[in-house]
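All remarks here apply to the structure that follows.
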Amino acid sequence: MSAIKNSLTLLALLLVMKYLQKSGAGAVGEWCVADEQSSESELQAAMDWACGIGNANCSKIQVGQACFRPNTVRAHASYAFNNYYQKFKRRGGTCYFRGAAYTTALDPSYNSCNYELTP
């Protein structure tokens, strides 16, 4: 009897998660951010690639824009990595950047700086 109860509970949980995902509530997704273990030089090189050849849109990390502050390599790299990842993940793009980034289910957006999320 408890196996049936556990199965029904699991099914209900899966249905709720699917509903939240479809409705957009709770913003279930994956963002790409800079790894805290990476050096600033590694992050800078990866960000230069993402914003250059990688075609990420890095305009929001420019002076005076919504994601310029904090003005750190790590913060700017996180924004650039995520922009690239959201733009290209459906076409084979990854969140690797030579080990300088990883994916997270926690939305890294802050203040007026919104990190994109592509389902």
Matching residues, the stretch 11-49, being at pLDDT 95 or above, surrounded by 14 or more Cβ atoms within 10 Å (Cβ to Cβ) and in a helix (DSSP H, G or I): Glu42, Leu43, Gln44, Ala45, Ala46, Met47, Asp48, Trp49
Residue within the stretch 82-94 that is surrounded by fewer than 22 Cβ atoms within 10 Å (Cβ to Cβ), among the charged types (D, E, K, R) and under 22 Å from Gln37 (Cβ atoms) present: no
Hits in the stretch 95-106 (condition: over 14 Å from Glu36 (Cα atoms) and surrounded by 15 or more Cβ atoms within 10 Å (Cβ to Cβ)): Cys95
Of residues in the stretch 52-72 being among the hydrophobic types (A, V, I, L, M, F, W, C) and under 19 Å from Ser109 (Cβ atoms), the one most open to solvent (accessible area, probe 1.4 Å): Ala66
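The values are calculated or read from the model by the stated rules, or taken from the named source; none is laboratory data. Since the structure is predicted, the reported quantities are computational estimates derived from the model, not experimental observations. Quick reminder, even Gly has a Cβ in these numbers, built from the backbone with ideal geometry, and neighbours come from all protein chains shown. Ligands, DNA and RNA are stripped out before the accessible areas are found, and what is left, the full protein with its side chains, is counted by its heavy atoms. Shrake-Rupley method; radii C 1.70, N 1.55, O 1.52, S 1.80 Å.
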